[in-house]
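Heads up: the structure comes next, in structure tokens.
The values are calculated or read from the model by the stated rules, or taken from the named source; none is laboratory data. None of these values were measured; they are calculated from a predicted model. Positions of Cβ are backbone-derived with ideal geometry, glycine not excepted, and every protein chain shown enters the neighbour counts. Side chains included, ligands, DNA and RNA excluded: accessible areas come from the protein's heavy atoms. Shrake-Rupley method; radii C 1.70, N 1.55, O 1.52, S 1.80 Å.
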Amino acid sequence: MSERAPDLLIRGGTVVDGTLAPARRADVRLRDGRIAEIAPALEPVAGERVFDAAGCHVAPGFIESHTHLDGVMWWQPDLVPLPGNGVTTVVGGNCGFALAPTHPDPKVRDEIIGIFSFFEDFPEGPFRSHLPWDWRTWSEYRASVERNVKTPIHFASFVGHIALRLAVLGLAAWERAATADEIARMAALLDEACRAGALGLSTNLMDHDGQNRAVPSLKADDAELRALLEVLARHPDEPPGRVDSLMRMTSVPSTERLARLADGLPVRMQWVGVPTLAWQRDMGIQQPLTALHERFAAEKRDFWTGFMHVPITTVASIQHSLLFAQSNEYVWHEVVTAETEEAKLALLRDPEWRRRARHSWDHDAIKISFFPAPQGTILDNSANDVGPIGITLGAYAEQLGVHCSDALAEWFVRNGVTSTVTMPPWPKDEEMVVRLLKDPMSVGNISDAGAHGQMFCGIGYNIMLFSHFVRKTGALSIEEAVHVQTGKLARHFGLGDRGVLAVGMKADVTVFDLDEVEIRAQKKIYDVPDGAGDDLALDPGSGAGAPDPRRRGSDLRERRVHTGPTRADALPDRGALIGRGGPIPDDAVQSAAAWPKTTSRSSNSSPGTSATSTRGRPATRSSPTGTT
């Protein structure tokens, strides 16, 4: 294995450097994992590989600002399809959910697994079978990742406030505020993590679990939050919080609380954020949060507003989903939590359960959730093709002459409990989205990538910045669309050695053809191990003779992906995950230059708001050490 990345000359492309400078014709030379030269008409030198970028744009590697790949990278270290979407850096540990630090009691560790499983739609099995759990502190976690996981892209992570509370308070983290001694211990663990390279702290002031319990970070009092912010202030720059603009509508007081507690501290706050859904605007939820954004800017606070630029399309599953619970549909959530197929079917057929489900549908479900709009819900993914398929739930209920809840229950009974239905996307407030994309104090490209594979929202929607906002509507220039997911995010996260194309910067480069970039049709594949079977390895593109992943006992869970090419080739530099490491093999850069042009599955968080805080140090966190 070579001790350095092979030299590469990218010729004939149009450079969009991530700084908002006008695009220009230039060649880019990469040498020893750095950008060595940018100029027109560079000539190849001996031993240098040449990549023909004619007709393409050459940009910094894209940054995914909000992902939940913390567990995924252990069982799918290639992180496909992110490299094919031009992504070279991802940020994890968001929403207060993280894998470190941990408590010595395995029962407390199980709480972390359960949180990822419920809120981010992961099976618990691979967290137990693929992670060694050989750490207590964040620095030990980093060391374990460096030993055991090699990814083709950079990975940086926050410390999760929920993990921090569980590590110190144990199961009591769900129940109460911390004592002064416990706060001091949390502060010490956070300080240790920041010294070891963590980006900062992420917290969550929104979520409730499947039992309607407030997540542990919601039990933190002002003394605890202030103490943790003071730790971050010693490491400049930041904190975070996920605040509720959907269910309990506490986003304004929660955000104001964080602002008050951060007074006088040199911390950078990413709060997510200003809602971008049309109903949030129409119901008056958006306006006070927009006012907060403007107030923070006027006060010259280092507060960055997060937002999502994509409409939310939700696939409803009764296998593993937080959709029902977060819509306050806890009767239907009973089906989700039923452990066996037989138990799920028994509930769906039970007349008393159906009576309670009808009442909950009509009286308990959040009115802006998908359930009161059955005419937009499509019955589109049958496990056994009994059908009907491709009609709306409302039309099916009319056919049967029953309540929509009964119709949905009957459809699952007839079509199988692994079937799914697709809810309509919430319309976006496009004017607000564009306004935030252009705002200098906003954090975009938030996707929840890696999570909610069955709900289909997240990875791949950075492509929409080009296909929709540049090419279709013209709302963004190509320079703005690149800047939103490169230089702007690198500045926010303090990733000082990437995000722009300039001599001396890391050789994180993406080459793409704007005319070929598309969000394409979706399909379902089975590649997420759930620990229930015999650890099959399934190529979703394989033909006849491939094992049937729907068979009983298979350990491969479904996720949804986009199909077809996007032509976005990621050329990341070499290094190691969350720190320094071995070089990328010579053939890895060769394969990176020809990675399959595929888009990806996508995921979203519930449309509340969240905030993360990062430290402004140069990025030495993670780099690729293998190929896809």
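Here segment 344-423 has an Rg and Dmax of 11.9, 32 Å, counting Cα atoms alone. Using the Karplus relation 6.51 cos²θ - 1.76 cosθ + 1.60 with θ = phi - 60°, the per-residue 3J(HN,Hα) values for segment 339-356 come to 7, 10, 4, 4, 5, 5, 5, 4, 5, 4, 8, 6, x, 5, 4, 4, 4, 5 Hz, with x marking Gly and Pro. Of all aspartates and glutamates in the structure, those lying under 20 Å Cα to Cα from K472, and not within fewer than 8 positions of it along the same chain, are D429, E430, E431, E480, D513, D515, E516, E518.
Starting from the exponent 0.38 and prefactor 2.2 Å, build the expected Rg for segment 387-457 from its residue count and divide its actual Cα Rg by it. Write out the running numbers ahead of the final one.
Numbers: Rg = 18.2 Å, N = 71, 2.2 N^0.38 = 11.1 Å.
For segment 387-457, the normalised Cα radius of gyration comes out at 1.64.
Please tell me which of these pairs span more than 31 angstrom C-alpha to C-alpha: K150/K438; K150/K488; K219/K488; K219/K367? Let's see the in-between values first.
Details: K150/K438 35 Å; K150/K488 27 Å; K219/K488 33 Å; K219/K367 27 Å.
Beyond 31 Å: K150/K438; K219/K488.
Taking amide H positions as modeled 1.01 Å from N, with prolines and chain starts lacking one, the residues under 5 Å from D121 and 5 or more places away or on another chain are H452. Quick note on segment 277-431: its Rg to Rh ratio, both from C-alpha atoms and Rh being the Kirkwood radius, is 1.08. For segment 250-329, the Cβ-based charge dipole about the Cα centre amounts to some 180 debye (Lys, Arg positive; Asp, Glu negative; other atoms uncharged). Would you mind counting up the charge near F371? Only other residues with Cβ under 10 Å from its Cβ, with Lys and Arg at +1 and Asp and Glu at -1. Residues near F371 contribute -2 overall. Taken one residue at a time, the phi angles of segment 84-95 give Karplus couplings (6.51, -1.76, 1.60, θ = phi - 60°) of x, 9, x, 7, 10, 9, 10, 10, x, x, 8, 6 Hz. Gly and Pro are set to x. Using bins 5 angstrom wide from zero, how does P(r) for segment 210-361 break down, in % of all Cα pairs? Whole-percent P(r) values from 0 Å outward: 2, 8, 14, 16, 14, 13, 11, 9, 6, 4, 3, 1. For segment 400-414, putting each phi into the Karplus relation 6.51 cos²θ - 1.76 cosθ + 1.60 with θ = phi - 60° gives couplings of 7, x, 10, 4, 4, 4, 5, 5, 5, 4, 5, 5, 5, 4, 6 Hz, in residue order, rounded to whole numbers and with x for Gly and Pro. Distances between placed amide hydrogens fall under 5 Å for G93 paired with L69, D70, F158, all partners being 5 or more residues away or on another chain. The convex hull defined by the C-alpha atoms of segment 34-142 has an orientation-averaged projected area of 10.1 nm². Inverting the pair-averaged 1/r between distinct Cα atoms of segment 17-93 gives 15.1 Å as its Kirkwood hydrodynamic radius.
Rg over Rh of segment 92-248, using C-alpha atoms and the Kirkwood radius, what does it come to? Present the calculation step by step, with values, prior to reporting the outcome.
Numbers: Rg = 14.7 Å, Rh = 15.7 Å.
In segment 92-248, Rg relative to Rh is 0.94.
Accessible-area rank, largest first, for T89, T19: T19, T89, with all protein chains present and a 1.4 angstrom probe.
Around the amide H of M505, modelled in the peptide plane, lie the amide H atoms of I35, all under 5 Å away and 5 or more residues distant in sequence or on another chain.
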